[in-house]
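Asks: Here's a structure for you.
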Amino acid sequence: MATEELVTEQFQFLGIDVQKEVLTKCVSLCEEYNVDPETFIEQWMAFSLTHLNGSPPTLENLDLLEKKEFSKLTATRLNALLTNEAANTGASLTVYGAQVPVQSDSDVLSGYMTTSPKRIKLENETITAQSELHPATYSAIVAKSAKYAARNNPGTIVHSYGTDKLLQSFTDATGLNNLLELCITQIPNDDGDVYSRAMFGFELLHEKASNFDNHIHYLSQCIMKKAGFSELSSTEITVSGRIECDADARLNSKSVVLQGTWETSLSQAVTVDTNSLKQYSLFPGQVVVMRGLNPRGDRFIPHEVFCDASQPIPDSKADMMNSLKGTLAMVTVAGPYTTSDNLAYEPLKDFINYVGTHKPHVVIMTGPFMECDHIKVNDHTMAETYKSFFDKLVDSLGELNLTSPFTKIYIASNYKDIFHINIYPTPPYSSRRKHPNIHFVPDPCTLNISGIVVGVTGADVLMHISQEEISHGMGGDKLARLASHIVMQQTYYPLWPPPAGLCLDAALWTAHAQLPCTPHILILPSNFRYFVKEVNGCVVVNPEHLTKGPGGGTFARILVSNNDELPKSVAAQIVRI
């Protein structure tokens, strides 16, 4: 039974103060139309947001609510009651002065024995409504992107990489004659741990400093070993450390500082004079080894800079029992999965149709699925929780198990999703329903697909490094150079400090953002133009994003053959959605 106390409690829960006469009116409406207070407040909020621009409840507004909503509800219930009563007696109804015939039970059953155009139309409308993939909203109409619908080049191949022979295999969908028994595992870190849940916000300052100190010491040893150095000294001509900026601004050639380790220099920093260097590529957080002079002790003058600590590429056929036997078809895509002007998720639906048609062995997806700064997320018109709608998106991907039962989908999390933890490294997603074809992995993540090592991260590390990097005399391919920093620094995110908007946890970064080895394929989605390049023996793929603003974007499809040695056995294409 509705009371003023219950109604007041519901309004106060939403932060709304109402007057005494308004409470009395609300209780009267609840009793008259047999509605409990919680349902009444939900109907009022939906009506207010849709018709009154969120106005507070008043006697006039409640009269409008009663006239437009509750009167319809009463008429619907009355018609249903009269219909059921007349159907039981086989009579006709007089509704608003008109005679309406009512079907008996036998008439209703006989209707199922025939197929009429009207019935087919209704069923098609029902199926169409169920196939819509958008969140419940207080708005009656979910607008779709006109620019995305008007695109004239869907399915176009805009870039190709690999041999012509292997590229020709893209035209064939994965059939029953190319089914593979894949062994897919997530490669753990050096401690044997797999990132499954996040414990963040507990790091102590001395632990954070110790983690960075160990990282500098380890990478400098790797660099010296690869460059042929034998020993390290901060007083002679060879020093190591991490690049930092000696200003509260972007790094430049006059603000380069090298911070050493506690063991070699008590973690002190020295200014670096880059005028004597013929070529260099530096960014904050980069671990380097320098050769040069320090004549007065306050400024180091390097002549050479070494930063390559890359690890060897693992043998894809080392484990003969789990090595790739056949040609692996893989598709990788990065969010956002809906255009910037709506939450209709048309690109995601088109991508699901593509996967269902071409049936790749593995699909690797990275977020975000629901960006925290999306315009439709911030206007607060969604009538369901962010997490519940993400579950719907996962369910739509899970339905691929019916059309493509041999496709395995790996979904990497993203720190930009509004329903998830906004830290990097990001723990894996979770969903209320388990699908046998869907697996959630963290960001970043390293997968072993039957001997083929695939690294993936959804953070735009290429763009972030590009915004902070300074270079001189390097020339060549800038995008390849940016990608090489990830491989040579043995970490998915070598930049420190990170830009605003990326909450990087140092302890989690140390434990779960390091490259266990140089992967065969490295997936780095970025706002840079799509590309596929070989970098240090690793095939780096930037599929770009599935959507770009209100229009469509691109995704990548990859083939890996076991006939040739890597990376010659890799082919890739960038496809427009």
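The values are calculated or read from the model by the stated rules, or taken from the named source; none is laboratory data. Just so it is clear, the model here is predicted, and its values are computed rather than measured. Glycine also receives a Cβ, built like all others from the backbone with ideal geometry; neighbour counts cover every protein chain displayed. Heavy atoms of the whole protein, side chains included, go into the accessibility calculation; ligands, DNA and RNA do not. Shrake-Rupley method; radii C 1.70, N 1.55, O 1.52, S 1.80 Å.
Asks: Karplus couplings for the stretch 311-326 from phi (6.51 cos²θ - 1.76 cosθ + 1.60, θ = phi - 60°), rounded to Hz, Gly and Pro as x?
Replies: 8, x, 7, x, 6, 5, 10, 5, 9, 5, 6, 10, 6, 5, 10, x
Asks: Enumerate the residues in the stretch 337-363 having an amide nitrogen under 18 Å from the point lying 7 Å beyond the Cα of A136 toward its Cβ.
Replies: Taking a point 7 Å out along Cα→Cβ of A136, the residues of the stretch 337-363 whose backbone N falls under 18 Å are 343-344.
Asks: Let me cross-check K68: its accessible surface, 1.4 Å probe, with only protein heavy atoms counted, in Å² to the nearest 10?
Replies: Accessible surface of K68 is approximately 90 Å².
Asks: Turning to a different aspect of this structure: Within the set K68/K144; K317/K359; K408/K533; K416/K548; K349/K548; K533/K568, which residue pairs have Cα atoms separated by over 18 Å?
Replies: Over 18 Å Cα-Cα: K68/K144; K317/K359; K408/K533.
Asks: Using mean Cβ contacts within 10 Å as the protection proxy, how do 206-214, 416-424 order, highest first?
Replies: My ranking of the peptides, most packed first, is 416-424, 206-214.
Asks: Let me have the relative contact order for the chain, percent, based on Cα pairs under 8 Å that are six or more residues apart.
Replies: Value for the chain: 17 percent.
Asks: Let me ask another. Stretched out fully, how many nm does the piece from V158 to R250 gain, at 0.36 nm a residue minus the Cα gap? Walk me through the intermediate numbers first.
Replies: Details: separation 92, 0.36 × 92 = 33.12 nm, distance 3.46 nm.
Taking V158 through R250 to full extension adds about 29.7 nm, to one decimal.
Asks: Pop the C-beta distance of C372 and K165 into the FRET formula with R0 = 51 Å and round what comes out to the nearest 0.05.
Replies: Efficiency, from the Cβ-Cβ distance: 0.70.
Asks: While we're looking at this one, here's another question. Can you compute the modelled spin-label distance between E207 and R151, with each label point 7 Å from Cα toward Cβ, in nm?
Replies: Here the answer is 4.5 nm between the modelled labels.
Asks: Which residues does a label at K226 reach in the stretch 290-328, if reach means a backbone N under 11 Å from a point 7 Å past the Cα toward the Cβ?
Replies: 306-313
Asks: How charged is the neighbourhood of V257? Take every other residue with its Cβ under 12 Å from the Cβ of V257, and add Lys/Arg as +1 and Asp/Glu as -1.
Replies: Values: positive: R242, K254, R299; negative: E244, D246, D273, D298.
Taking every other residue near V257 into account, the sum is -1.
Asks: Still on this structure: How much length is gained on full extension from S267 to D308, taking 0.36 nm per residue of separation minus their Cα-Cα distance?
Replies: 12.6 nm
Asks: Here's a follow-up. On alpha carbon coordinates alone, what is the Rg over Rh value for the chain, Rh being the Kirkwood radius?
Replies: 1.09
Asks: Multiply the residue separation of I16 and N214 by 0.36 nm, subtract the distance between their alpha-carbon atoms, and state the gained length in nm to one decimal. The partial results should precede the final answer.
Replies: Working: separation 198, 0.36 × 198 = 71.28 nm, distance 5.44 nm.
Result: 65.8 nm gained on full extension.
Asks: At 1.4 Å probe radius, can you tell me the per residue accessible area of the chain in Å²? Spell out each step's value before the answer.
Replies: Details: 28880 Å² over 577 residues.
On a per-residue basis, 50 Å².
Asks: Taking a temperature of 20 °C and a viscosity of 1.002 mPa s, what whole-number D in µm²/s does Stokes-Einstein yield for the stretch 26-65 with Rh from Kirkwood over alpha carbon pairs?
Replies: The estimated diffusion coefficient comes to 209 µm²/s.
Asks: So what's the projected area for the stretch 146-211, the Cα convex hull averaged over all directions, in nm²? Please list the in-between numbers first.
Replies: Values: hull surface 46.5 nm².
The directionally averaged projection comes out at 11.6 nm².
Asks: Still on this structure, please answer the following. Can you give the calculated 222 nm mean residue ellipticity of the chain, where each DSSP H run of n ≥ 4 adds -39,500 (n - 2.57) and the sum is split over every residue, rounded to the nearest 500 deg cm²/dmol?
Replies: Roughly -9000 deg cm²/dmol at 222 nm, from the helical runs in the chain.
Asks: I want to check the label-to-label distance for T381 and E5. Put each point 7 Å from Cα in the C-beta direction and report it in nm to one decimal.
Replies: Those two pseudo-labels are separated by 4.0 nm.
Asks: Here is a further query. Rounded to the nearest percent, how much of the accessible area of the chain (1.4 Å probe, protein heavy atoms only) is carbon and sulfur?
Replies: 53 percent
Asks: Using 7 Å Cα-to-Cβ label points, what is the F200/A480 separation (nm, one decimal)?
Replies: About 3.5 nm, to one decimal.
Asks: For the stretch 511-577, which GluC sites (Glu not before Pro) are both in a DSSP coil and crowded by at most 16 other Cβ atoms within 10 Å?
Replies: In loop regions of the stretch 511-577 (DSSP not H, G, I, E or B), the sparsely surrounded GluC sites (Glu not before Pro) are E565.
Asks: For the chain, take the longest principal axis of its alpha carbons; what is the angle in degrees between that and the long axis of helix 205-227, to the nearest 10 within 0 to 90?
Replies: 50 degrees
Asks: I've got another one for you. Rank these by accessible area, largest first, 1.4 Å probe: C517, C183.
Replies: Sorted descending by solvent-accessible area, the residues read C183, C517.
Asks: Something else: Helix 20-32: angle to the longest alpha-carbon principal axis of the chain, degrees 0 to 90, nearest 10?
Replies: The helix 20-32 is inclined about 70 degrees to the chain.
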